Amino acid sequence: MNPMRRALAGLLLLSVGAARAQQDPLFSQYMFNTLAVNPAYAGSADVFTVMALSRHQWVGFEGAPTTQTLLAHTPLRNVNMGLGLSILNDKVGPTRQTGAYADYAYRIRTGTNTRLAFGLKGGVNVYQADIAALTSVDPDVASVNVKGKALPNFGFGLFWHGPRYYLGASAPKLLENDIDAVAEAGIVTATEARHWFLLGGYVLDLDRSIKFKPSFMLRVVQGAPLSVDLNANFLFRERIWLGAMYRVGNAIGVLGQYRVNDQFRVGYAFDLTTTKIGAYNAGTHEIMLNYDLRFFTGRTVSPRYF
């Protein structure tokens, strides 16, 4: 394989990271999906929580990213610990990654109503890249594929919160695993990039029936620009969330959530890309279902603001 063809194969293999300036999936409803990026969040709500989320990015764009996650986490009774499980399926063009991770959090009190949690995350991603499925691929590089490459990894997180505010920092994947694709006369190597996250939010009373929650998330990935999400959400009568989001230099959108009852919540987000690729797609849709099972009788559960 000559250098030009090897470079083309590498570009195809790395298309996930190049297209989105990061390899891990994006989430518009990150403030309700915190366990996906921070293991210290496990058990923080003092209820057993199950959440499912499906994200369809750049609708109408062939090979656009689609992501599904299934999360579950719970506190452990009579101890200051939480456990969680995260399952992820992410597909972009000819590449797919499927992962399963266990989460552990240990919580300490830092005040009357505040806690600081230390979290660990560990698991494995299975990465596949079917470059031969691309009809435009040069025949000489069509054999550059990754078939079920297992990529074990681990990470950590910190999560400090009170009833109405939170601040978290995490690196869910610390290992920078190599992804190798063997072609006819060479090896194309990609590397999992390390992601760093910082997120926070605060809930303010505007009047007796309306609350305002600004929140943010920063993502830092080596070799990519800083990614910043800013959100402004309003809660009406402790039941309906409505808000807007801005991903700096990348996207704008709206989101909402409806609390059907004390246990079941439904969320939806829609955003539009503000870059040139926005002219070639119909936006991004994200649907979330969340269910709380209150096994711990006698325990007072605060309203779920994050």
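Values quoted throughout were computed directly from the atomic coordinates according to the rules given, and no laboratory measurement underlies them. Computed from a predicted model, the values in this text were never measured in an experiment. In this analysis, Cβ positions are derived from the backbone assuming ideal geometry, glycine residues included, and neighbour counts consider all displayed protein chains.
A few points about this structure:
- Count Lys and Arg as plus one, Asp and Glu as minus one, and take only other residues whose Cβ is under 9 Å from that of ASN80; the net charge is then +3.
- Principal semi-axes in Å for segment 205-267 [√(5λ), Cα gyration tensor, largest first]: 28, 13, 10
- 19 Å Cα-Cα threshold exceeded, pairs from LYS173/LYS276; LYS149/LYS173; LYS173/LYS213: LYS173/LYS276; LYS173/LYS213
- Put the Cα centre of segment 46-112 next to the Cα centre of segment 189-230 and the gap is 16 Å.
- Taking a sphere under 12 Å around the Cβ of ASP262 and counting the other residues whose Cβ falls inside, with K and R at +1 and D and E at -1, yields a net charge of +3.
- Across segment 36-45, coupling constants 3J(HN,Hα) worked out from phi with the 6.51/-1.76/1.60 Karplus curve, θ = phi - 60°, read 4, 10, 9, x, 5, 6, 4, x, 5, 8 Hz, and Gly and Pro carry x.
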